[in-house]
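Colleague: Have a look at the structure that comes next, please.
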Amino acid sequence: MSNDTNKRIHKLDDSVINKIAAGEIIIQPANALKEMLENSIDAKSTNIEIIVKEGGLKLLQITDNGTGINKDDLPLLCERFTTSKLNKFEDLETIETYGFRGEALSSISHISKLSVITKTKDSNLAYKAYYMNGQLSNSSFKSSTIDIEPKPIAGRDGTQIIVEDLFYNLPSRFKGLKSKSDEFAKIIDIVGRYAVHTQHVGFSCKKFGDPLHQLNTRTGLPLKERIRIVYGSNIANELLDIEFSDELLNQDLGLLKVSGAITNANYNNKKKIQPIIFINHRLVNCDPLKRAINSIFQYFLPKGSHPFFYISLQIKTENLDVNIHPTKREVRFLNEEEIIELIVGKIHTILSSVDTSRKFKTQTIINKRNSYELDEEKIEEFKNQPLKKYRQENKLVRVDATQSKINPFLVKPESLNDFKFTEKNSTSTQEQSQRQQSQQQGLQFPDDILLTTQSQSQIEINPSRTQVDVNLDSIRSLKQELSEYVDKSITNIFNHAIFIGIIDPLKRLCCFQYDVKLFLCDYASILLEFYYQLGLNEFNNFGEIEFDEPISLIDILKPIYDLNSDELIPMDQVINNIASMKEMYKEYFQIYIDDNENLITIPMILKNLKPDFKKLPFFIYRLGTKINYKNEKQCLNGILRQIALFYLPEPFNEDDMLPHEFETKRSELENQLENLLFPELKKQFLATKILQRDLIQIADLPGLYKVFERC
């Protein structure tokens, strides 16, 4: 507290005051350039040359052919609040020049090494002066009373301002700057904006030592050509002029002139281009006007696209307040809302009048205040009617059960003679896939394996059982683990998926539609996870598929052991492992094995869904060899995974089947996917993160619209 009592109010040193002021105005090299650029335009220049070194930090030189500065005024040039554009405060009400405070050059001189070469038309010589901290300095940029007078030299009419070592005495300012190339890009952006607006001035800008100009415009060029030079032909070729007739201008609102250009509805760019807004020839950020114009374009352009526009307003000077921001980038004017209404109304009319050659429909536009319609001859009264729904054709979801499927468009041969096939004694692709799965589990079988198949007439389906509440900690734990791996975005896709058709039954690929997007997925991976979830949810409450006659486990496993049984676990051990847990199998999974080791029933995980019975031997073998019966959680999880694999549809190949058999099998599988499995996926499937690799978007309707519009 004792230290605080010793602190007294005192006046800051002038050098501190000036550096604080400089920090408010000159934030980056582009700010310094803007101030000097405006001074050159105020001096009635017709040509301005800019040279930049290291993003403007090492050198920023601007040369004009304006009126120049009188020699007698040079001592006051860089002092604060010295200006030739203002005498009294009331002059601000009619100010038409860019500068008026007399702070720009003063601020620059306090944070750089500033020199000026200038010549007026009446003078026979040019004069060069050096400045530091707002005062004349000698040639070594040191304060001195010796040799500080401006030196006569040869030179041309106009002024050249040279700024060297910007921020040399404010090292902290460098932390807020970007790379030298980024700072140079900001300088080019500022020069380009003034080049677009100022028709009577030619601009050139280049890097120090570079023979080529980065930007170069001539005086008197039309607006479209100036925009072409600065922003390219893609924008210039799509421009629409904005010109207000005298009837539309409102003198009562203080609006004297509106001009500019906007891109039409055929131009849309994903990258935002900052608009160019000049008010009374002053480059400003007018956020209300910017938002209003952008709101108009959102009804003419696709979502995510951005327009380009340049607007120049002339407003009565007495209605304009230019003194509200240190860098003069903002202004305020009377009747702002009404003037903006007139401008956006005109833009809406222009865009609507040329909207016949495009595909995106338009609608009546409203803004936050009122909706309006603008006539070419007069502006109607503002209306309070709601915005009509906008039907965007490229975003309509086309799903209709009456529409034709993809299958009729597939090329089919006219007769069986078009097919070349031979009968083979080798196994089908289904069995090959089963063998591959078994080999992954450590099993190997020769090519002549014949698996027993239980026909549909040998089973009886009994789906009705009394529901039982499950309170096992292991099941709750498995459900909790599943919830932790759920991917909400993929789950949402499957919850709204519409099946289209099978693409490749051998690779088990199918297509489905979600919203306006088309997806390709590996339905085997999807169904394997879905069947596991069904088993987890229906644990201890499965339906039953009952065989008409019991089937011995030995008979089921025999086709496998007819192979080289030396590589397999002994059959007795497999059967004993299963039989020892038959009470658990019967209670939890409806796998009923009697005392004679006969299989009576197997689980049904979904009504009207039957497993592939060719896989029954592998299913039983894995239950006896791949399940960890010593750990409850691992045991139940393993059995549920094997049941899911048992129900998984096998791949099949057209080359290994008769044409009519292939078409029949494909049709049956598509019917099952479309009418049974995908509806169930929509109801209860929780997609996990690992399924991201099995799902890919191959098309979307807005993208196709863009492709065909270019054709």
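Colleague: State whether one or more residues within the range 664-681 are outside the structural domain of MET571 (by TED's automatic domain parsing) and over 26 Å from ILE493 (Cα atoms).
Modeller: yes
Colleague: Suppose we filter VAL230, VAL201 for residues that are over 36 Å from the mean Cα position of the chain (by Cα) and under 29 Å from ALA43 (Cα atoms); which single one remains?
Modeller: Answer to the check: VAL201.
Matching residues to (1) buried (at least 18 other Cβ atoms within 10 Å of the Cβ); (2) within 39 Å of the chain's Cα centre (by Cα); (3) at pLDDT 90 or above:
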position	(1), (2), (3)
PRO649	yes, yes, yes
ARG666	no, no, yes
LEU669	yes, yes, yes
GLU674	yes, yes, yes
GLU680	no, yes, yes
ILE696	no, yes, yes
CYS711	no, yes, no
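Colleague: Next question, about the same structure. Would you check if SER172 is assigned to a strand (DSSP E or B) and small (Gly, Ala, Ser)?
Modeller: Here the answer is no, as SER172 does not meet what is asked.
Colleague: Testing VAL230 on (1) out of contact with any Gly (no Cβ under 7 Å at 6 or more places or on another chain); (2) surrounded by 18 or more Cβ atoms within 10 Å (Cβ to Cβ); (3) at negative phi, one condition comes back false. Which one is that?
Modeller: That leaves (1) as the condition not met.
Colleague: Being at pLDDT 85 or above and surrounded by fewer than 17 Cβ atoms within 10 Å (Cβ to Cβ) is the filter here, so list the residues in the range 121-148 that pass it.
Modeller: Those that are at pLDDT 85 or above and surrounded by fewer than 17 Cβ atoms within 10 Å (Cβ to Cβ): LYS121, ASP122, SER123, ASN124, LEU125.
Colleague: Is there any pair linking a residue in the range 172-199 that is in contact (Cβ under 8 Å) with a residue 12 or more places away in the chain to one that is among the hydroxyl-bearing types (Ser, Thr, Tyr), with Cβ under 7 Å and at least six apart or on different chains, and which?
Modeller: Partner pairs satisfying both residue conditions: ALA195/THR217; VAL196/TYR310; HIS197/SER312.
Colleague: Can you pull out every residue in the range 177-188 that is surrounded by 14 or more Cβ atoms within 10 Å (Cβ to Cβ) and either among the charged types (D, E, K, R) or more than 17 Å from LYS207 (Cα to Cα) (or both)?
Modeller: First, pick out the residues of the range 177-188 that are surrounded by 14 or more Cβ atoms within 10 Å (Cβ to Cβ): 177, 180, 183-188.
Those that are surrounded by 14 or more Cβ atoms within 10 Å (Cβ to Cβ) and either among the charged types (D, E, K, R) or more than 17 Å from LYS207 (Cα to Cα) (or both): LEU177, LYS180, GLU183, LYS186.
Colleague: Six or more apart or on different chains, Cβ atoms under 7 Å: show the pairs whose first residue is in the range 519-547 and over 17 Å from GLN642 (Cβ atoms) and whose second is assigned to a helix (DSSP H, G or I) and of a type in the set (S, T, N, Q).
Modeller: Within 7 Å, the pairs are PHE547/GLN458.
Colleague: If you go through the range 469-513 one residue at a time, how many are over 21 Å from PHE539 (Cβ atoms), in contact with a strand residue (DSSP E or B) (Cβ under 7 Å, 6 or more places away or on another chain) and either basic (Lys, Arg) or not in a helix (DSSP H, G or I) (or both)?
Modeller: Matching residues across the range 469-513 total 15.
Colleague: For the subset of the range 698-709 comprising residues that are within 18 Å of ASP515 (Cα to Cα) and not in a strand (DSSP E or B), which member is modelled with the lowest pLDDT?
Modeller: In this case the residue turns out to be LYS706.
Colleague: Residue check: is ASP566 farther than 30 Å from GLN480 by Cβ, assigned to a helix (DSSP H, G or I), modelled with pLDDT under 90 and outside the structural domain of ARG508 (by TED's automatic domain parsing)?
Modeller: Taking the combined requirement at face value, the residue satisfies it.
Colleague: If I ask for residues that are part of a helix (DSSP H, G or I) and farther than 12 Å from TYR621 by Cβ, which ones from the range 537-553 would you list? Show your work before the answer.
Modeller: Our first condition is that a residue be part of a helix (DSSP H, G or I); within the range 537-553, this holds for 537, 553.
Passing the criteria: only ASN537.
Colleague: With the structure loaded, tell me whether GLU225 is more than 20 Å from GLN274 (Cβ to Cβ) and in the same structural domain as PHE309 (by TED's automatic domain parsing) or whether it fails that test.
Modeller: So GLU225 does not fit the description; no.
Colleague: Would you mind telling me which numbered condition in (1) within 25 Å of ALA43 (Cβ to Cβ); (2) part of a helix (DSSP H, G or I); (3) of a type outside the set (Asp, Glu) HIS213 fails?
Modeller: Looking at each condition in turn, HIS213 falls short on (2).
Colleague: Also, quick follow-up: Do we have LYS626 as within 30 Å of LEU506 (Cβ to Cβ) and touching a residue at least 40 places away in the same chain (Cβ under 8 Å) here?
Modeller: So LYS626 passes the test.
Colleague: Between a residue in the range 212-231 that is among the aromatic types (Phe, Trp, Tyr) and any residue that is surrounded by fewer than 17 Cβ atoms within 10 Å (Cβ to Cβ), which pairs come within a Cβ distance under 8 Å, given they are 6 or more apart or on different chains?
Modeller: Pairs found: TYR231/ILE273.
Colleague: Taking ILE639, is it aliphatic (A, V, I, L, M) and under 30 Å from SER580 (Cβ atoms)?
Modeller: Taking the combined requirement at face value, the residue satisfies it.
Colleague: For the range 578-610, which positions are assigned to a loop (DSSP other than H, G, I, E, B) and surrounded by 21 or more Cβ atoms within 10 Å (Cβ to Cβ)?
Modeller: If the condition is that a residue be assigned to a loop (DSSP other than H, G, I, E, B) and surrounded by 21 or more Cβ atoms within 10 Å (Cβ to Cβ), then GLN590, ILE591, ILE605 are the ones that fit.
Colleague: Six or more apart or on different chains, Cβ atoms under 6 Å: show the pairs whose first residue is in the range 673-691 and in a helix (DSSP H, G or I) and whose second is of a type in the set (Ser, Thr, Tyr).
Modeller: Hits for this filter: LYS689/TYR485.
Colleague: So ILE296 fits all but one of (1) more than 21 Å from LEU351 (Cβ to Cβ); (2) part of a helix (DSSP H, G or I); (3) in contact with a His (Cβ under 9 Å, 6 or more places away or on another chain); what number is the exception?
Modeller: Exception for ILE296: condition (1).
The values are calculated or read from the model by the stated rules, or taken from the named source; none is laboratory data. A quick note: this is a predicted structure, and the numbers were derived from the prediction, not measured. When we count neighbours, we look across all protein chains shown, and the Cβ atoms used for this are built from the backbone with ideal geometry, even at glycine.
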